[in-house]
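The values are calculated or read from the model by the stated rules, or taken from the named source; none is laboratory data. As the structure is a computational prediction, the values presented were derived from the model and not from experiment. Here the Cβ positions follow ideal geometry from the backbone for every residue, glycine too, while neighbour counts run over all protein chains shown. All accessible areas refer to the heavy atoms of the entire protein, side chains included, with ligands and DNA or RNA removed. Shrake-Rupley method; radii C 1.70, N 1.55, O 1.52, S 1.80 Å.
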Amino acid sequence: MRRRNFDKVFFGIVCALIIVGVFVFFSASMGFLNRDGPSFYFVVIKQIALGLTLGLMMMFITSRIDYKNWKKFALPFFLFSIVLSFLVFEPHIGFGHGGARRWLKLGFLSFQPSELLKLSFIIYLSSWLTLQKNEIRSFGFGLLPFLVIVAFAGIPIIFQNDTGTLGIISIIGLVLFTIGGGRFRQIAIIILLGLLLLILMSQFRPHLKDRLNVFFNKSTEEEQLDKSYQINQSLIAIGSGGIKGRGFGMSLQKFKYLPEPMGDSVFAVYAEEFGFLGSIILIGLFLTFLYRGLYISSQSSDLFARLLGSGIAILIVAQSFVNIGAMTGVIPLTGLPLLFISQGGSALFITLAEIGILLNISKNT
């Protein structure tokens, strides 16, 4: 087979998202500079140094590694990521923020293991589905071990109180199981079990129950004002942008009102500055990214490449759309970042590494 260059259209879309992300992040960070000047420089350096610079280097490295090699180390990589995810509960190296322990200390930097877990889960599940392609429709060799794999990935996330990441892992697992040949009845069972788990978790997790109550308007008026503050301020910012937006850097909500304008609420800052038209362009970029990623995957004759590439493309776009949906009130509030844009060096680093894998798949189709 003649070795090709990577998909230049896909790479161009990635470059556009990176450029948009850098400009919007710096604009959103002005609100943080106004509140806490000394910490501002540390946050920006961490985002650029760990997230963008090292991420681009890792993207180059993973684009040079034959994607087939990931299959060889799928299981140890998956187990390693699970162990890392549990290490956040070790007092000396793990730490929490906002009531959740999800990070590891790496000197003066921090790392979120769940980002690595999502990638290793896709790699291992793709490898397993490739090996079980003739047995996937059975219960004992298909559905049951699939549920066990998802459970192994989900247990540390449940302990971390990270419902958003658990939902993304479940969605990706369901999509890959479907692509791998799962039967309709099996898919219905998986969806039903997922809904039952969500209901059960909401009974034992007050923050999750509060978010669901606010979303479905089942809380009192006082609770609505308190617990829906972030979504209300986000909607004010988005509405203030109008059709064309206030202009780059001109957001007002980021200075006093929006919680975490560089993090969860960054889309609200973007929509306020670039308006409805700018928001449509950003969503269009993500949809084009998804289309091209799925196209690259579909062109491969290797089932593992199709599953791996599809899983990565869907993961990146689904996670970003969950953030946008939460900020616009379409779905309950979550803590997932808007990839390429939100603060989070480890998320950007892993995202760029995943893109490198997709680029390598495009070279080998």
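Based on the Cα gyration tensor of the range 162-220, what are the three equivalent ellipsoid semi-axes, each the root of five times an eigenvalue, rounded to whole Å and given largest first? Could the numbers behind the result be given before it?
Numbers: eigenvalues 148, 26, 17 Å².
The three semi-axes for the range 162-220 are 27, 11, 9 Å.
Considering only alpha-carbon pairs that sit under 8 angstrom and 6 or more positions apart, the relative contact order computed for the range 150-288 is 16 percent. Scanning residues 5 or more positions from R246 or on other chains, those with amide H under 5 Å from its amide H are E273, F274, G275, with H placed 1.01 Å from N in the peptide plane. The gain in end-to-end length when the L193 to I19 segment is fully stretched comes to 58.6 nm, 0.36 nm per residue minus the alpha carbon separation.
Write down, largest first, the equivalent ellipsoid semi-axes of the chain in whole Å, where each equals the square root of 5 times an eigenvalue of the alpha-carbon gyration tensor. Intermediate results must be reported in sequence, preceding the final value.
Working: eigenvalues 206, 126, 81 Å².
Value: 32, 25, 20 Å, ordered largest first.
For the range 225-293, the Stokes-Einstein estimate of translational diffusion at 4 °C and a viscosity of 1.567 mPa s comes to 106 µm²/s, using the Kirkwood hydrodynamic radius over alpha-carbon pairs.
Placing one identical point scatterer on every Cα of the range 99-240 and ignoring solvent, what is log10 I(q)/I(0) from the Debye formula at q = 0.09, 0.21 Å⁻¹? Debye intensities relative to I(0), on a log10 scale: -0.39, -1.22. Once the Cα-Cα distance is subtracted from the 0.36 nm per residue extended length, the N134 to L277 segment shows a gain of 46.8 nm. At the residue level, M59 shows approximately 20 square angstrom of accessible surface with a 1.4 angstrom probe and all protein chains present.
Taking every Cα-Cα distance in the range 250-347 and sorting them into 10 Å bins starting at zero, the pair-distance distribution P(r) comes out as 16, 41, 28, 12, 3, 0 percent. Under a Gaussian network description of the chain, with springs only between Cα atoms under 10 Å, the residue in I296, I199, I171 that fluctuates furthest is I199. Relative contact order of the chain: 30 percent, from C-alpha pairs under 8 Å at least 6 residues apart in sequence.
Averaged per residue, what accessible area in Å² does the chain show with a 1.4 Å probe, protein chains only?
Result: 47 Å² per residue.
Taking R0 as 51 Å, what's the FRET efficiency between M201 and Q299 from their Cβ-Cβ distance, rounded to 0.05? Before the final figure, lay out each step's value.
Numbers: r = 39 Å, r/R0 = 0.77.
In this case the efficiency is close to 0.85.
Helical runs (DSSP H, four residues minimum) scored at -39500 (n - 2.57) apiece and divided by the length of the chain put the mean residue ellipticity at 222 nm at -23000 deg cm²/dmol. For the range 107-231, averaging the sequence separation of C-alpha pairs within contact (under 8 Å, six or more residues apart) and dividing by the residue count gives a relative contact order of 21 percent. Kindly state, to the nearest 0.05, the FRET efficiency for K68 paired with F159, given R0 = 30 Å and r defined as their beta-carbon distance. According to the calculation, E is roughly 0.35.
Springs between Cα atoms under 10 Å define the GNM used for the chain, and in it the highest mean-square fluctuation of L315, L212, L166 occurs at L212.
Considering only protein heavy atoms and a probe of 1.4 Å, how much of the accessible area of the range 167-306 is carbon and sulfur, as a whole percent? Its accessible area is 66 percent carbon and sulfur atoms.
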